[in-house]
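Asks: Below you'll find the structure I mean.
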Amino acid sequence: MGDDRTWATSRFRRAFIGSLIGLAVVAIAPFFLDIYLTSILIRTLFLAAVVMTVDIIWGWVGILTFGQSAFFGIGAYACGLVFTHYGFGPGWALGALAIGLIAAALVAGATGWLAFFHGSSPLYASIMTLALPIILTQVIFSAGTFTGSSSGLSGFPTYYWSLEVWLWIAGVFLVLTTAGGWLLVRSDFGRVMIAIRENELRCAYLGIPVSRIKTALMIAAAIVTAAAGFGYAAFSNVVAPELAGFQLGTEFLIWTALGGRGTLFGPVVAAIGIETTSSWLSGTLPFLWQLLIGVVFVTVIVLLPRGFAPLCTGLWRYVRPKSRPFVLERTLALDSDSRLGQRASIDTPPLLIEQLSRRYGSLHVLTDVTMTARASQLLGIIGPNGAGKTTLMRCISDGNERSDGMVKINGNDIGRASPHKVVEHGVGRSFQNTSLFDSLTIAECLMLARYRLDGAQLFRNKTNLALSQPALDILSATGLDQRLTEQTKNLSHGMKRGLELAMVLASEPSVLLLDEPTAGLTHAERAVIGKVLSRLTREYALCIVLIEHDLDFVREISDRVVVLHQGEILMEGSVDEVVSSELVKSVYAGHQVEAAE
Amino acid sequence: MAVLALDILTTAGILFVVSSGLLIILGVMKLINFAHGAFLTVGGYTAYSVSAAGYSPWLSIPAAAIFGFVGGLVVERLIVRPLYDRPLDAILATWGLGIVIGQLITLGFGRGVQFVPTPLAGTTELLGVDYSAYRLVVAIVAVLLVIAMSALLKLTRFGLNARAVIMDETLARGLGIDSTRVRAWTFGIGAALACAAGALITPLLSVDPNMGLPWLVNSFMLVLISGVSFPSLFVASLILGGAQVVVSTYANPILGGMTIVVIAALVLRINPKGFSRG
Amino acid sequence: MKIPHLVFGLGLGLLSMSAQAQETIKIGIPVGLSGANSVVAPSVVQASELAVEQINAHGGVLGRELELIIADDESGAQGAQRAYDSLVFQHRVDAIVAMETSAARNAGLPIVNRGQIPYIYTSFYEGKSCSPWMHINAWVPEQQVAPIVDQFMNELGAKSFFLIGSDYAFGRGMLEFTREYVEANGGEVVGEEYLPMDGSDWTAIISQLRSANPDALITSTAGGAPNVTLTKQLRTSGVNIPYGNYAVDEGTAASMGSDAEGIYIAASYITGIDSKANAEFREALRAKFGDDTETPNELSVPQYEAILAYAMAVEQAGTTDAEPVVEALSEVTVEGPRGSITMDKQRHAPLTMYLGQIQGDGSVSVINSFENVDPGEQCPQFAE
């Protein structure tokens, strides 16, 4: 625990020292810059803070947003409108700022509701963010003299402080928001953001409320952006529709892409560099400058998807090969309060399926499936390829999947709940393929699995991970506990399977859905997993539903077996009954199953 | 009422023609071509060049289609193909391409407005009203295009391969379909449709370096809402275009301009599949 | 022609001063080299260069040469801020003479306020923009609307009007003033419709126009594309009532060919103005730029005259200091291609307005002219 504190302190110390250096640069800058560069820089620093938020939204969470300019415009217009039409003074200024931030937050929330929901595609979300500034600009245009329409508003009363003061305000704003952003992306919550970027679907099945997190981040970014817009308008004494336009929104993206998305500092540096350079160059080469930016942008997207920042850090590593990226050490511990299996009760079956059907158009994948799985029971589901096994798993873990019928988890009807809600009812699901979160470490993956139970710290990191005994067992049996700081993309197939299972267990489910957990494993690895599964049913009273191809493995560990064929339950019974059944043999042998009639 | 009906029909026709190139690319390649607006513009300038060279304005449409197809193949090879597994980056790269095309046009033709003569001027009488003849032509072209594109997808070898790629790309490759080639062709056809559409609508518009941009967002909305089928794109154009005309006529044209975006966004929020299925 | 005389006179006056080389007087020209205004920007730059060359050829002002510094405002607010920052703080210009969009002007004004230098705005606009540093020598709605509406009501007997505009400050400002003017003169506005600035499909509006069946149509769209698409679509829909257009210029009309035929326009400058000053101006332009000469227009000519006005004001004030020059700008009279112009009406200028009609070959025939049309109440705080 002491460890925890020192590390956190050191992180905060780094942020603190970085901020101090930044603030020192800002403090002395006005004395070295001429009045021209100073005034260009003031506006650019406000824009750079916006680009920083674009990097968090796009570079870290993976939402390609064209709409950040809308929030910038909202902040700017809050300033322009209030000072022009209502009044000016410290009270009015604070009120206008508050109006701008609240309006931006509301619009961001509405956009989030519209753009992010389980099953929305990233393309769709992107187009929504594109529509936002276009509609907002239209509104500004049509509001006539109130907003000044195309001409904008100018010459409203504002604080005519000296340029030095404004540079300090803009600089302090940029340094503090960037420091906040840096702490955020380096925190445990930052790991969650990366996980959403890399594998959103998997996050949802770990019980992480992906859409809510995305919306929350949109709102936070919108608030920072609106504050920047407010400062920009108050300094430059003018607001115009283009401040809210999608042209500016795409410029933010261009700067972010060139600077290096997901690097936080790269986009900030790029924004400052490109804005000041374009002030110099666009006058002499108006059209060529735009062309040049366009060509460089396309080239960078195609050839250098991480922008120019990695080139710089790469060079740094080349010069100082010893400086390696810092990886946080985390320790494992036994979670003494583990609730694994506690929900199991004999009276209500953990999993109850009634007349479940799934159709794709005229194609019936599942028809009238009715079954019950009990606590302390390992239910095997077998059937030939295309029998609907994986679809059944999907229908249990996502309320939107089934066409008809009912699924109850621990007595709760899942209705049309999205996956992360179903997880809350006690379902844990592992997947057939082993795509995890490539750039996260093993410890981070486990932390992710605990998100629903432990949450994630916004600006800090937790160094100890409390897990249930079976999860710890799997980790030690597969040797993963020795490599907690290893990135998952470096793991062997068997280790990935082990981690997958450990993650599902870490989320403490009462109903465990396993889709071919032993595919591609060696005999020894299979035995380890089999042992753990048996123990989970016996000692922790878990209800396990297992899809398997390997009949021998099923026979070894299952209590009961359901045979699916062409979307219907062909047979249900004990292992021996099923294995000796002629019907099942014929199905597996590929015979016609008229005998079933 | 007759005027309203004709307005709706011809508006839907224009929207359909303008969006069809985007639809086939989204359907087969699962990516949104942000250079679509620039392709429309290229079509407009092709029409301008053809008529400036003294040829019949009707020739400009096939000329734009050919030009677009070849250009589309080049763009696909250089920019889109390296980004197949990064669809969001493909959006950005095509957007950047749009900027580049716009600036090249500006450098070549200047920023000003160019004029293309209307091949079919004046009005014709239909349903008891005088109506713009050229708009009716565009509507007829739209109907023919629905039939032609559906036939292309249903009846030709390319269409069969494309549908296989739409359904399951890995499987299609397993069946020996050269999916890379299908994609290249798709992008070429999409670009050809966009350029031809640009040339087709030019007589109703002016030709300038930004002429394609205002169509972009409405086109995105229409294709997102109609999945991968041309008939459903036509239905979507008819319904949303109709809504736009009705709002413009009875409320005001500024609200009308936002109608398609707002309705499409709400429909997609409630049913992410849009009109493509139920 | 009065200008060379006048400049010549200035030159003589300067002989008394020491002829030693002095620092130039810098005039900043923010202009939309890129963006929407880039179509007209070259003609504005040429007009500015001609004015400076003529003044320098006659000895400059106060013995100092004029120097132009041109900056791209990208036709918008953000670009204008960069351009003004560069002109005011980097190049430290003595004055700014600008033909720009209203958004760019509004964005530049706070920087002019900081820099405290004289500023002449040379583009027609929607009116009522006021700054202690600014003068305006182009028209406002009060001057533009009357000629067309009067013509329609008095000569063509129009009673009902339909108004169509682009949804932006100029479009709305012009049409709102038109509505008031029509109603004040006993006419009726049967429809007033706007399309977003980048909108290009006028179908619904044209259908409404046809069902309203007005006597005359007046449009105020953004220049360039919206203007062209509206006119084209009006023509393909067979609309042939009297049509007044606030946004079409001679160049556009010429290239629109037969679609533009019959459109009424009002302007303070038309190339065909039959005056010695205009003939000499056009000749000088051609002599300087040869085949590259851009046709002078409603935006470039005021720019030319504004630079002359600035030179005269500096001469009269005897200094380039801002306050005396600004004061003198309200007093000096320029004899230019548009006639004699003084910016003495609340920083705005009474102008001679011409009513023209576009002919089948794209040329503009002048139907009527109106002497010294007053700009009305624009900035009452500067009333004398």
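Listed here are the residues, each with its yes/no results for (1) in contact with a His (Cβ under 9 Å, 6 or more places away or on another chain); (2) under 30 Å from A:GLU164 (Cβ atoms); (3) at pLDDT 90 or above; (4) of a type outside the set (D, E, K, R).
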{"site": "C:VAL112", "(1), (2), (3), (4)": "no, yes, yes, yes"}
{"site": "C:PRO118", "(1), (2), (3), (4)": "yes, yes, yes, yes"}
{"site": "C:GLU126", "(1), (2), (3), (4)": "no, no, no, no"}
{"site": "C:PRO132", "(1), (2), (3), (4)": "no, yes, yes, yes"}
{"site": "C:GLU192", "(1), (2), (3), (4)": "no, no, yes, no"}
{"site": "C:ASP198", "(1), (2), (3), (4)": "no, no, no, no"}
{"site": "C:THR203", "(1), (2), (3), (4)": "no, no, no, yes"}
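Asks: Restricting to the range B:102-132, and then to whatever is over 30 Å from C:ALA41 (Cα atoms) and surrounded by 20 or more Cβ atoms within 10 Å (Cβ to Cβ), can you tell me which residue is farthest from the other protein chains (Cβ to nearest Cβ)?
Replies: Looking at the filtered set, the residue picked out is B:TYR131.
Asks: Could you tell me whether A:ALA271 is more than 14 Å from chain B (Cβ to nearest Cβ), within 22 Å of A:SER126 (Cα to Cα) and in a helix (DSSP H, G or I)?
Replies: Considered against the rule, which asks whether it is more than 14 Å from chain B (Cβ to nearest Cβ), within 22 Å of A:SER126 (Cα to Cα) and in a helix (DSSP H, G or I), A:ALA271 comes out as yes.
Asks: Restricting the search to the range C:240-264, which residues are of a type in the set (A, V, I, L, M, F, W, C) and in a helix (DSSP H, G or I)?
Replies: C:ALA253, C:ALA254, C:MET256, C:ALA260
Asks: Still on this structure, I have one more. Answer yes if at least one residue in the range C:225-236 is part of a loop (DSSP other than H, G, I, E, B) and surrounded by 21 or more Cβ atoms within 10 Å (Cβ to Cβ), and no otherwise.
Replies: No; the residues of the range C:225-236 include none that is part of a loop (DSSP other than H, G, I, E, B) and surrounded by 21 or more Cβ atoms within 10 Å (Cβ to Cβ).
Asks: I've got another one for you. For B:LEU59, are the conditions met, namely being touching a residue at least 24 places away in the same chain (Cβ under 8 Å) and surrounded by fewer than 18 Cβ atoms within 10 Å (Cβ to Cβ)?
Replies: No, not satisfied.
Asks: Take the conditions closer than 15 Å to A:ILE135 by Cβ, crowded, with 21+ Cβ neighbours inside 10 Å and more than 8 Å from chain C (Cβ to nearest Cβ) and apply them to B:ALA265. Does it pass?
Replies: In short, yes.
Asks: Which of the following residues is of a type in the set (A, V, I, L, M), closer than 18 Å to C:ASP321 by Cα, within 9 Å of chain A (Cβ to nearest Cβ) and touching a residue at least 12 places away in the same chain (Cβ under 8 Å): C:VAL61, C:VAL97, C:VAL93, C:VAL88?
Replies: Result: C:VAL88 is the single residue among C:VAL61, C:VAL97, C:VAL93, C:VAL88 that is of a type in the set (A, V, I, L, M), closer than 18 Å to C:ASP321 by Cα, within 9 Å of chain A (Cβ to nearest Cβ) and touching a residue at least 12 places away in the same chain (Cβ under 8 Å).
Asks: Answer yes or no as to whether B:ARG81 is in contact (Cβ under 8 Å) with a residue 24 or more places away in the chain and under 30 Å from A:GLY59 (Cα atoms).
Replies: Against the criterion (in contact (Cβ under 8 Å) with a residue 24 or more places away in the chain and under 30 Å from A:GLY59 (Cα atoms)), B:ARG81 qualifies.
Asks: Would a scan of the range B:228-239 turn up a residue that is within 14 Å of chain C (Cβ to nearest Cβ), at pLDDT 85 or above and part of a helix (DSSP H, G or I)?
Replies: yes
Asks: Look at B:GLY174 and say whether it is at positive phi and modelled with pLDDT under 85.
Replies: Against the criterion (at positive phi and modelled with pLDDT under 85), B:GLY174 does not qualify.
Asks: Scanning the range B:157-184 for residues that are surrounded by fewer than 24 Cβ atoms within 10 Å (Cβ to Cβ) and in contact with a Leu (Cβ under 8 Å, 6 or more places away or on another chain), which turns out nearest to B:THR41 (Cα to Cα)?
Replies: So the residue we want is B:ALA184.
Asks: Still on this structure: Inside the range C:132-161, can you point out the residues that are surrounded by fewer than 21 Cβ atoms within 10 Å (Cβ to Cβ), touching a Gly at 6+ places or on another chain (Cβ under 8 Å) and part of a loop (DSSP other than H, G, I, E, B)?
Replies: Result: C:LYS159, single match.
Asks: Determine whether B:ASN252 is free of Cβ contacts under 8 Å to residues at least 40 places away in the same chain, within 13 Å of another protein chain (Cβ to nearest Cβ) and closer than 23 Å to A:PRO122 by Cα.
Replies: no
Asks: Would you say B:ALA199 is in contact (Cβ under 8 Å) with a residue 60 or more places away in the chain and in contact with a His (Cβ under 6 Å, 6 or more places away or on another chain)?
Replies: When the stated conditions are applied, B:ALA199 does not pass them.
Asks: Could you go through the range A:171-179 and let me know if any residue there is assigned to a loop (DSSP other than H, G, I, E, B) and modelled with pLDDT of 90 or more.
Replies: Within the range A:171-179, not a single residue is assigned to a loop (DSSP other than H, G, I, E, B) and modelled with pLDDT of 90 or more.
Asks: Could you tell me how many of the residues in the range C:169-208 are within 11 Å of chain B (Cβ to nearest Cβ), crowded, with 22+ Cβ neighbours inside 10 Å and under 23 Å from C:GLY157 (Cβ atoms)?
Replies: Total meeting the criteria: 0.
Asks: Out of curiosity, is A:ILE140 surrounded by 16 or more Cβ atoms within 10 Å (Cβ to Cβ), within 14 Å of chain C (Cβ to nearest Cβ) and on the phi < 0 side of the Ramachandran plot?
Replies: So A:ILE140 fits the description; yes.
Asks: Please go through (1) over 24 Å from A:PHE117 (Cα atoms); (2) within 10 Å of chain C (Cβ to nearest Cβ) for B:MET258 and return the number of the only condition it doesn't satisfy.
Replies: (1)
Per-residue answers, yes or no, for (1) buried (at least 24 other Cβ atoms within 10 Å of the Cβ); (2) at pLDDT 90 or above; (3) part of a helix (DSSP H, G or I):
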residue: B:LEU23; (1), (2), (3): yes, yes, yes
residue: B:GLY27; (1), (2), (3): no, no, yes
residue: B:THR46; (1), (2), (3): yes, yes, yes
residue: B:TYR55; (1), (2), (3): no, no, no
residue: B:ALA63; (1), (2), (3): no, yes, yes
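Asks: Checking the conditions here, which among A:PHE71, A:PHE66 is assigned by TED's automatic domain parsing to the domain that holds A:VAL139 and not in a helix (DSSP H, G or I)?
Replies: Every option except A:PHE66 fails the conditions.
Asks: Given the criteria surrounded by fewer than 19 Cβ atoms within 10 Å (Cβ to Cβ) and away from chain C (no Cβ under 12 Å), does B:LEU144 qualify?
Replies: When the stated conditions are applied, B:LEU144 passes them.
Asks: If you scan the range A:82-117, which residues turn out to be among the aromatic types (Phe, Trp, Tyr) and either more than 22 Å from the chain's Cα centre (by Cα) or part of a helix (DSSP H, G or I) (or both)?
Replies: Passing the criteria: A:PHE83, A:TYR86, A:PHE88, A:TRP92, A:TRP113.
Asks: Out of B:GLY13, B:GLY43, I need the residue that is in contact with a Cys (Cβ under 6 Å, 6 or more places away or on another chain), over 18 Å from A:ILE127 (Cα atoms) and touching a residue at least 40 places away in the same chain (Cβ under 8 Å). Which one?
Replies: Answer to the check: B:GLY43.
Asks: Can you spot a residue in the range A:120-139 that is part of a helix (DSSP H, G or I), more than 30 Å from the chain's Cα centre (by Cα) and in the same structural domain as A:LEU23 (by TED's automatic domain parsing)?
Replies: yes
Asks: Here are the criteria: (1) on the phi > 0 side of the Ramachandran plot; (2) free of Cβ contacts under 8 Å to residues at least 40 places away in the same chain; (3) among the aliphatic types (A, V, I, L, M). Tell me which single one A:VAL296 does not satisfy.
Replies: The failed condition is (1).
Asks: Looking at the range C:119-143, which of its residues are in contact with a Phe, Trp or Tyr (Cβ under 6 Å, 6 or more places away or on another chain), more than 10 Å from every other protein chain (Cβ to nearest Cβ) and of a type outside the set (A, V, I, L, M, F, W, C)?
Replies: C:TYR119, C:PRO141
Asks: Exactly one condition in (1) crowded, with 21+ Cβ neighbours inside 10 Å; (2) more than 22 Å from A:GLN68 (Cα to Cα); (3) at pLDDT 90 or above is not met by A:GLY207; state its number.
Replies: Result: A:GLY207 fails condition (3) only.
The values are calculated or read from the model by the stated rules, or taken from the named source; none is laboratory data. Since the structure is predicted, the reported quantities are computational estimates derived from the model, not experimental observations. With ideal geometry, Cβ positions are generated from the backbone for all residues, glycine too; neighbour counts draw on all protein chains shown.
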